[in-house]
1. When Cβ neighbours within 10 Å are restricted to other protein chains, what is their mean count per residue of peptide B:152-160?
2. I'd like the mean, over residues of B:258-268, of how many other protein chain beta carbons sit within 10 Å of each residue's own Cβ.
3. Could you state the number of Å between the C-alpha centres of region B:103-132 and region C:68-126?
4. Where does each of B:Ser43, A:Ser68, A:Ser2, B:Ser190 land when they are ranked from fewest to most other beta-carbon atoms within 10 angstrom?
5. Once you have a ≥ b ≥ c as the square roots of the Cα gyration tensor eigenvalues for region C:58-115, tell me rounded if a/c is under 1.5, and otherwise prolate or oblate according to whether a/b is larger than b/c.
6. How many angstrom lie between the C-alpha centres of region A:46-82 and region C:189-254?
7. So what is the calculated 222 nm ellipticity per residue for the protein assembly as shown, using -39500 (n - 2.57) for each DSSP H run with n of 4 or more, over all residues, to the nearest 500 deg cm²/dmol?
8. Summing Lys, Arg as +1 and Asp, Glu as -1, what charge do residues with Cβ under 11 Å from the Cβ of B:Arg32 carry, B:Arg32 excluded?
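Read the figures in this text as sums done on the coordinates, not as results from a lab. This structure is a prediction, so every number in the text was calculated from the model and none was measured. For neighbour counting, all protein chains shown are included, and Cβ atoms are generated from backbone atoms with ideal geometry for every residue, glycine included.
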Amino acid sequence: MSNVSITLHNNDEARGLIAAIQKDNPNSVSHVYPGMVKIDCPDRIVIFRESVELEIGRSWTVNEIHLSLISLAGNVDEDDDYFAIHWNH
Amino acid sequence: MRMMIILPFIGIIERETTMNVQKKISLKDRYRILTRGLDWETSYQPMGKVFPDVGFEGIKIRNWDDFNDPFRLTMDAYWRFQAEKERKLYAVLDSFSQNNGQTAITDGRYVNTLKLFLTGISPDEYMAHRGFAHVGRQIPNAGLRISAQMQALDELRHAQTQIHTIGQYNKHFSGLHSFRRMHDRVWYLSVPKSFFDDAVTAGPFEYMVAIGFSFEYVLTNLLFVPFMSGAAYNGDMATVTFGFSAQSDEARHMTLGLEAIKFILEQHEDNVPIVQHWIDKWFWRGYRVLTLVAMMMDFMLPRRIMSWKDAWDIYFNDAGGALFGDLARYGITLPKYVDVPAKEVNRLSTEAWSIFYQYTHAAAFHTWLPTDQEMDWLSASYGPDWDRLYRPRFLHWRQMEKEGHRYYNNALPQLCQVCQIPMAFTEPDDPTRVAFRDTVYRGERYHFCSDGCKNIFDHEPEKYVQAWLPVHQIFQGNCGGASLDQVLDWYGIEKGVDNMDYAGSPDERTWKEWEAMRGRVAG
Amino acid sequence: MTIDIKTQVIQPKRQTFKHVADRLGGDRAASRYEEATFDLQPDVNFHYRPLWAPQFEQFDRRRTAIVMRDWYDLKDPRQYYYATYNIARARQQEAADSAMEMVERRRLLDVIPADWLETVRFCLLPLRHYEWGANLNNAAITAFGWGAALTAASCFAMGDRLGMAQLLGRIGLLLGGNTETALIAAKTRWVEDPAWQGLRRMVEDSFVTEDIFELFVAQNMAMDAMVLGLVHDHFGAECDRRGATAIPLLLGFAAEWREDNARWVDHVVRVAAAEGPENRALISRWAADWSARAADALAPVATHVLGTAGGARAMEDLGGRFAERMVRLGLA
């Protein structure tokens, strides 16, 4: 089993996104660095639009992830309602 | 009898369609319609003539439509997000310049890492821009082409924002003023320059594997994270900001690189050995360029973030392992010579810094010997061998400095024909013996620093014999003249200002003046 | 009350980079455009010949017959660098989004007579493939052109043309009742309808044009003058007459962009032509040839939209204005 990961800005704009990821991926581990948060999780991380919207109290499109994203490791799958990162092996 | 009123009837139907409460189109569909629908099969001019560069590399594509777009960005969203990022970045840059942010760094020596970056890396961002424009012109598939085009735009962004960010340092420090001129001429800058020249002159598929995959996916974290974290640890908030901002584009680029390579591998089994060789080649080529990063991390940052060894473990061994696990089902294996970096890891940065220390008179940044404390950190990071093999060397040089005989190497070094680094690396299994490899091609002998570089040459000798080798060029009289002074003039290096040791440099004087000023204000 | 701020004046050692100062004629504060553009492209000591074009250097002035003493004379009068470019387009896109939303919300397409709506579909939607061709050509100029002044601006133009193709695509979705029906029909027209084949043939011919400055003139000056002129000036006016004001509204961004882009194109052509008589002769010939071909190619579309007499008048008007523009830019 390998970790996938997503690294996001650690700022006010990304706070809701980070909280949503942590809630929806209970196996994830977050590492806080200066200015950024790296979230690792075995095999798969998924981000649900609804969860993010619940956190930030406004509508959110999956594309907006580009404003907070710093890096990721894994294959990307995205649609209207979710953004997922996974390995295929 | 509706058939009797065909024309109005069509009209009514159409009105009804537009008046219906309209269903929402999904992100995937919207992207597909707006992007993938744009292409057509040309017929007045044959496709082979419209896209002439996709055939010669031997890559077989059964169906271009199989390409799976990683991020479904349309241009409107691209403009919106990128504008937002740029507004934020330039607000920070403006405030950095208004507040003289360059005075807040840990130490004046730190600026030398920025010199290495602006002269070595930023011009390569520009080259990446042109390379992706070429792919964005040549690939006969709308999805891949647009992703490449957006990356071409992004890479221009990186070059330009780096110039604007480091431009503030250029106003106060030496060695940055002629970064463009230097990149095309100075001996050690031919290492990153030849790397990108190599990629851009390759075919579009190789370029995607070289830069999109091997560089962006496998190695980029080793380049950017050390520089950006280094900036963060050393108080350079402007560089941190552009770094993080650029990384958000890199995440998109990495994903494109991975999707592109999977697409090529899935199209035909004959593609696998071709791609494997490219992975082998570009892994090694990239690793050799990263020598400069290793040196920057272990010797040039006043406040260290982590050792080169730690970075290699985290960003190559861990992350790379998962990645190659994913590619194993296509028959792709870890790159050839992947074991060598582990064997060199304890000495790579030391061997590199030693080169620059000896040739400080011909460099566009300053050098210095590590302090006792810094040597303790190196030995803690690299183990007892470091103390045994390298501490004595630095102590010896320190003694020579004390006696007024600072050591300069005035002989021009032999360069590796492929990576163009002076031949100073030692044997993977014996750190006391310098490694030499050679090949005779068409009656001429060519020299290499390693099996990795020799292997690259032997696959494409006709390409690598063309290399513009700085030392050869000096001997041939193409670099302004035969004396060091003439060559430095030609390089654009200001003598006694840009080169030589940090101690006694104008940079050091500037930094000490600022420290004194701070003392007065505080007092 | 006075506030005493302790300030230390820190004098910079230099104002800008040396290569920028050399172009400004001295070390003085340079604009962000200048620092981000001047001499950015490597021009010497290339290591390897391209495997895909060994007859050329990696970047090569011989990609065109046009000769410039200094290719950085072809500056972008808009002074776009990446940040200002994206910020300008994001603002325009926002206005375009509002326009589109208003048309949808107030159902402004519903008041357009059905036969004219069909003409709109016929005339407008296949042009997204024309824009896609313009995107490809500006990618070629970016890949093969000489000097960052020209190629950075052409890279922005490449992005612009994708944006314009997608703007037309979104209009097509609206005109297809949020389905891709209208766009599929438009693609069939682009590929098969006899009225469109002249233009498609010309676009495909431009794809294989090897001289990179000829391609610039063909695409960004000549073909655009005819195609975009027909759309925004003649077709747009006809829409207004027929109560289809929603269409020019939806095309507002494209119309504004066209003027912005033409400022760049005109400047580049004017400066390159002023360089010498050989340049002027070449550019004049290219402009005349490609615009004449474009006029012929477009005539069937103009006739379909504006009728035989109206179409002829429109093409004559566009031809006349192009001739005036050539004179204005110093072309023979």
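1. If you average over the peptide's residues, the count of other-chain Cβ atoms is 6.
2. Numbers: counts 4, 2, 0, 0, 2, 0, 0, 0, 0, 0, 0.
Average neighbour count from other chains, rounded to a whole number: 1.
3. Measuring centre to centre over Cα atoms gives 37 Å.
4. By the 10 Å Cβ count, ascending, the order reads B:Ser43, A:Ser2, A:Ser68, B:Ser190.
5. Details: a/c = 4.73, a/b = 2.43, b/c = 1.95.
The shape class here is prolate.
6. Each part reduced to its Cα centre gives a spacing of 38 Å.
7. Here the helix-only value at 222 nm equals -18000 deg cm²/dmol.
8. My count for the surroundings of B:Arg32 gives 0.
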